[in-house]
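The values are calculated or read from the model by the stated rules, or taken from the named source; none is laboratory data. Just so it is clear, the model here is predicted, and its values are computed rather than measured. Positions of Cβ are backbone-derived with ideal geometry, glycine not excepted, and every protein chain shown enters the neighbour counts.
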Amino acid sequence: MAFPEINPRTPVLVGAGQASERIGEPGYLRRSPVELAAAAAREAITDSGADVAADIDTVAGVRQFEISVPGVPAPLGRSNNYPRSVAGRVGAAPRRAILEVAGGQGPQHLVNELAAAIAAGTAEVALLFGSEAISTVRHWAASEDRPDFSETADGDLEDRGYGLEGLGSAFEAAHGLTDAPSQYALFENARRARLAQTRQEYAAGMGALFAPFTKVAAANPHAAAPTERGAAELVTPSERNRVIADPYTRYIVAREKVNQGAAVLLTSVAAARRLGVSEDRWVFLHGHTDLRERALLDRADLSAAPAAVLAVTHALDLAGIDAADLAAIDLYSCFPIAVTNVCDGLGLPVDGSRELTVTGGLPFFGGAGNNYSMHAIAETAHRLRAMPGAYGLVGANGGALSKYSAGVYSTTPTGWRPDESERLQAEIDAWAAVEQAGQADGWGTIETYTVKHRRDGRRTGIVVGRLAADGRRFLAMADDDETLELLGADEPVGARIRVRSTASGVNVAGIG
């Protein structure tokens with residue numbers, strides 16, 4: 001294959017690598033996040049078939065969970081400069097080092113951004129990577145024989161901060177809306193009500209969606225939980241599969257206890273040729289988009305996230321293809337609705353008849369912190385090389401269905417195609433926001449809800465509703481038996497409740 005007419009500044013993905021280990025299995029080395037990322041980066045460089053380490057001018061690291069919010073401890077220590085620690089391990093001395101903001105959109109966003117930088121001529125060879133060693137950290141944190149992951153790396157760092165603006169508020173935190181399962185459960189129950197499905201029907205659908213994911217994970221050597229499970233097993237509560245937040249059981253939420261790293265290598269066509277990277281390693285980015293949804297309580301419809309659908313649709317349009325043309329798909333799968341939201345918008349089936357993951361998904365392959373989609377990109381690249389001319393989609397989600405980055409890949413050569421994310425984002429930002437009631441008193445109706453289940457058996461209800469008097473949206477908590485019984489009924493959405501403002505927030509004060 002030869003691409004004589006292509007612009008030498010065109011970005012290409014030329015290398016992809018992954019690394020992993022599981023406690024108690026042969027070869028387990030207690031590797032740190034830096035070591036896991038370095039192992040994946042070395043694999044990506046090797047995968048390119050060329051000696052490119054000395055030519056890497058840009059490195060970009062995805063944040064581990066322990067550096068994604070302020071004040072989180074690192075029981076085993078950590079690097080002061082994660083990107084340069086990894087770069088040093090592989091023999092690279094880049095002029096630019098980036099530490100990306102938090103969020104699962106990060107890997108695809110970095111590919112989109114640095115591909116554009118290569119096309120603009122401000123970079124030539126870029127190494128992107130991320131990793132998590134959460135399983136190792138938790139296992140060894142209390143041990144006298146624990147490893148020390150502390151290290152210092154010299155050099156400047158473009159630290160972009162946490163990127164948490166707009167992803168939560170003190171008001172939401174005061175009402176118990178602090179954890180991802182509760183946030184996503186609100187969306188899930190709103191979608192169930194919109195579809196007019198019973199709890200049993202909806203649970204069966206979540207199981208049918210994710211059962212094929214377990215099959216893919218079972219065949220993936222890097223999967224953290226490589227066990228095939230049936231649809232009913234995934235959604236049936238049990239001692240090992242407890243309810244976390246209605247309607248979620250443990251088996252169908254992202255698995256964070258992983259030891260995984262992934263990396264991809266991007267170059268310009270000119271650099272690839274100069275370095276001797278064979279054209280059969282080249283994978284092109286045909287479409288790409290980065291969009292952000294409105295803040296959670298501002299959204300007009302809590303049963304869907306249209307910005308994510310818009311991101312994927314635009315990436316496909318830019319590539320000149322439809323969803324039906326995709327040979328490989330990986331949709332971010334921290335919770336079922338992260339997948340079904342995009343499928344609903346694109347008309348993709350959610351009954352398990354279409355493969356929607358190349359890795360096995362976050363609950364089964366593993367939710368490698370913010371870096372999951374780097375694994376999806378790496379796996380997609382390998383699959384597409386085996387299917388020359390085919391197309392693959394990676395959809396990467398961050399926050400509470402908040403940030404979405406999409407990429408469409410193929411070995412088919414194409415020049416760089418600028419996206420219209422800025423224009424589309426302006427449209428999203430202009431969408432009308434729902435008026436909210438910071439203090440809510442009186443009667444209203446339930447818009448959506450969840451019940452959080454703690455390990456000790458305690459339960460807390462969270463309700464989003466609309467006041468009957470003026471239609472403003474309210475957020476309320478409940479822990480009384482009467483309200484919890486209502487939230488466990490066949491269909492709480494639309495039920496009439498009374499709310500009352502107190503010094504600590506809005507509470508459900510009665511049902512009617």
Original post:
Looking at this structure, is GLY71 without any contact (Cβ under 8 Å) to a residue 60 or more places away in the chain and either out of contact with any Phe, Trp or Tyr (no Cβ under 9 Å at 6 or more places or on another chain) or over 30 Å from VAL269 (Cα atoms) (or both)?
Top reply: yes
Original post:
Which of (1) hydrophobic (A, V, I, L, M, F, W, C); (2) in contact with a Gly (Cβ under 7 Å, 6 or more places away or on another chain); (3) not in a strand (DSSP E or B) does VAL408 not meet, given it meets every other one?
Top reply: (3)
Subject >> Hits in segment 487-496 (condition: assigned to a loop (DSSP other than H, G, I, E, B), at negative phi and in contact (Cβ under 8 Å) with a residue 40 or more places away in the chain) >> reply: GLY488, ASP490, GLU491, PRO492, VAL493, ALA495
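Any residue at all in segment 382-390 that's without any contact (Cβ under 8 Å) to a residue 12 or more places away in the chain, surrounded by fewer than 24 Cβ atoms within 10 Å (Cβ to Cβ) and assigned by TED's automatic domain parsing to the domain that holds GLY15?
At the first step, the residues of segment 382-390 found to be without any contact (Cβ under 8 Å) to a residue 12 or more places away in the chain are 386.
Next, from what is left, pick out any that are surrounded by fewer than 24 Cβ atoms within 10 Å (Cβ to Cβ): 386.
Okay, now just the ones that are also assigned by TED's automatic domain parsing to the domain that holds GLY15, so 386.
Yes, segment 382-390 contains at least one residue that is without any contact (Cβ under 8 Å) to a residue 12 or more places away in the chain, surrounded by fewer than 24 Cβ atoms within 10 Å (Cβ to Cβ) and assigned by TED's automatic domain parsing to the domain that holds GLY15.
Answer yes or no: is there a residue in segment 323-335 that is in contact (Cβ under 8 Å) with a residue 12 or more places away in the chain, assigned to a helix (DSSP H, G or I) and touching a Lys or Arg at 6+ places or on another chain (Cβ under 8 Å).
Going residue by residue through segment 323-335, those that are in contact (Cβ under 8 Å) with a residue 12 or more places away in the chain are 323, 325-335.
Subset that is assigned to a helix (DSSP H, G or I): 323, 325.
After this cut, where a residue has to be touching a Lys or Arg at 6+ places or on another chain (Cβ under 8 Å) as well, the list is none.
No, segment 323-335 has no match at all.
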**OP:** Hey, can you tell me all the residues within segment 432-486 that are in contact (Cβ under 8 Å) with a residue 40 or more places away in the chain, among the basic types (Lys, Arg) and within 19 Å of PRO247 (Cα to Cα)?
**Re:** LYS452, ARG455
**OP:** Select, from ALA126, ALA115, the only residue that is touching a helix residue (DSSP H, G or I) at 6+ places or on another chain (Cβ under 6 Å), crowded, with 20+ Cβ neighbours inside 10 Å and assigned by TED's automatic domain parsing to the domain that holds THR152.
**Re:** ALA126
Original post:
Which condition number in (1) over 26 Å from GLU420 (Cα atoms); (2) in contact (Cβ under 8 Å) with a residue 60 or more places away in the chain; (3) surrounded by fewer than 22 Cβ atoms within 10 Å (Cβ to Cβ) is the one that ALA300 fails?
Top reply: (1)
**OP:** Considering each of ALA170, ALA102, ALA115 in turn, give the residue that is out of contact with any Gly (no Cβ under 8 Å at 6 or more places or on another chain), of a type in the set (A, V, I, L, M, F, W, C) and at pLDDT 95 or above.
**Re:** ALA115
Subject >> Count of residues meeting criterion [of a type in the set (Val, Ile, Thr), surrounded by fewer than 24 Cβ atoms within 10 Å (Cβ to Cβ) and in contact with a strand residue (DSSP E or B) (Cβ under 8 Å, 6 or more places away or on another chain)] in segment 319-363 >> reply: 1
